[in-house]
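The values are calculated or read from the model by the stated rules, or taken from the named source; none is laboratory data. Just so it is clear, the model here is predicted, and its values are computed rather than measured. No Cβ is skipped: glycine too gets one built from the backbone with ideal geometry, and neighbour counts run over all protein chains shown. Only protein heavy atoms, including side chains, enter the accessible area calculation; ligands, DNA and RNA are left aside. Shrake-Rupley method; radii C 1.70, N 1.55, O 1.52, S 1.80 Å.
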Amino acid sequence: MRISGLCGAIAGILIGTTAQAAAVETSLRPQGRPGAAGPGVTVISVDVPVSSLRPVLRPADLPRATDTSVQQVSTSNAAFDRWIGGFRGRALNQGINARVFDAAFRGAQYRPDVVHKDRNQSEFKSEIWDYLDNAASPVRIENGQKALRRHRRALNRIEAHYGVEKQVVAAVWGMESTYGERRGDIPLIDALATLSYDGRRGAFFEKQLIAALKILQSGDVTPRNMKGSWAGAMGHTQFIPTSYLAYAVDFTGDGKRDIWSDDPTDALASTAAYLKRFGWRKGMPWGVEVRVPRGASFGNTKRMPSDWATRGVTGTDGRPVRDYGSARILQPAGPQGASFMVFANFDVIKRYNNSDAYALGVGHLSDRLIGGPPIQASWPRGYDPLSFEDRKEMQRLLRRKGYDLEKIDGIAGPNTVNAIRAFQRSIGVAADGHPSQTLLRHLRSR
């Protein structure tokens, strides 16, 4: 629930937040077990102790008679102070210990920057080809391969335990926090309290705030170390608090489900547990790039790959795709762009973030981490794209001209696109934000 800041800057998507919350709520209702013939009640099917999936109350956390005394919270915003006072009663009524609440809100601040980010999410829009260029950029692939080697033992154990391939877990990690580089540094209570008070999606964020207080009450993390993104996503793989309560696991066995520390083991295991819970099937690909007959129409029909082959749909090598399971044909840019045959695991990735682009990004990155090829088909970009090194040159030139860019990384995320548009406006050309050869020529000549 992502994704940096969606980690990869997905278009108009709040990475890993609302989608994960919806997944939690759905998972707690009666539903069919994946693959079952009829309806039933699904229990948490991850092979871990149930106690690791919910907060543990310790004797020291239990309320005492004096715990209901009101501790005055004072920030620089009087109206925010009053909201905290009212919220305190609601939190205590939902089982939050008063001492836990007061410790969490000690030094809390109203964050106008958080409200600004929440109100301006739609400013950045990425075309699917730019999004996938960023998702599987050379630097993200190289750093992911290094991460796979560095954490090989832990990832092998996680794969053996949950049956989720290590490269898939690593790809989620890379998309969500750039392999732990961008975990978020905003105090989570500040962010969630600000968004709850702001009210645009107050009920959703207050639910997340209650969950965050339950996490603190469990002793898994301290208020000081509980940091994350402006939208409340936490740790290496950007869990929101309700998803954490439902799915986070203590894989290291130290008594804490620690997704915040420099050791990513618990976060990676929690991600695998999440994917496993929603039906991940080991050995089944998320999808494969395919060739399709010109002018064919597919809709949302699902067929076995051998059946698709009789209709002219083959792998990029011209051979029928193996019968991994039923699949549909996805053409994210229409018939003029790349086509993919996507399987059930594609939809499992979407439970992490309900976006075709995100699932394609995770899936394609996971393939590239283990030596898979780039996407073979061309995209209807409408412009001549820049190579990875060209994009870094573009960023360097934009920075020299005074545009605020955090990194020279060859990734055309929202900051880079906004800088491109500002530069284009300054020279009187269409501000399309595209990292094109035409743009680079303009930058070089001015």
Problem set entry | Residues of the stretch 305-326 that turn out to be surrounded by 14 or more Cβ atoms within 10 Å (Cβ to Cβ) and within 30 Å of the chain's Cα centre (by Cα), as a count | 7
Exercise. Any residue in the stretch 265-275 that is aromatic (Phe, Trp, Tyr) and open to solvent by less than 20 Å² (accessible area, probe 1.4 Å)?
Worked result: yes
Problem set entry | Test for Leu369: is it at negative phi and modelled with pLDDT of 95 or more | yes
Exercise. If we scan the stretch 157-173, do we find a residue that is crowded, with 20+ Cβ neighbours inside 10 Å, in contact with a Pro (Cβ under 9 Å, 6 or more places away or on another chain) and not hydroxyl-bearing (Ser, Thr, Tyr)?
Worked result: yes
Exercise. Can you tell me how many residues in the stretch 259-275 are in a helix (DSSP H, G or I) and touching a Gly at 6+ places or on another chain (Cβ under 6 Å)?
Worked result: 1
Exercise. How do the pairs read when you match residues in the stretch 361-377 that are basic (Lys, Arg) with residues anywhere that are in a helix (DSSP H, G or I), using Cβ under 7 Å and keeping only pairs 6 or more apart or on different chains?
Worked result: Arg368/Ile141
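Table: residues versus (1) at pLDDT 95 or above; (2) assigned to a loop (DSSP other than H, G, I, E, B).
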| site | (1), (2) |
| --- | --- |
| Ala377 | yes, yes |
| Lys392 | yes, no |
| Asp409 | no, yes |
| Asn415 | no, no |
Exercise. Which condition number in (1) modelled with pLDDT under 95; (2) buried (at least 18 other Cβ atoms within 10 Å of the Cβ); (3) more than 29 Å from Gly255 (Cβ to Cβ) is the one that Ser74 fails?
Worked result: (2)
Exercise. Looking only at residues in the stretch 343-357 that are in contact with a Lys or Arg (Cβ under 7 Å, 6 or more places away or on another chain) and buried (at least 24 other Cβ atoms within 10 Å of the Cβ), which one is farthest from Gln167 (Cα to Cα)?
Worked result: Asn353
Exercise. Within the group Gly371, Gly413, Gly363, Gly433, which residue is surrounded by fewer than 21 Cβ atoms within 10 Å (Cβ to Cβ) and either more than 28 Å from Gln167 (Cα to Cα) or not basic (Lys, Arg) (or both)?
Worked result: Gly371
Seminar exercise, completed: Residue pairs within 7 Å by beta carbon, gap of at least six or interchain, first lying in the stretch 204-232 and closer than 14 Å to Ser261 by Cα and open to solvent by 20 Å² or more (accessible area, probe 1.4 Å), second small (Gly, Ala, Ser) and not in a loop (DSSP other than H, G, I, E, B), listed first then second, are Pro223/Ala103; Pro223/Ala104
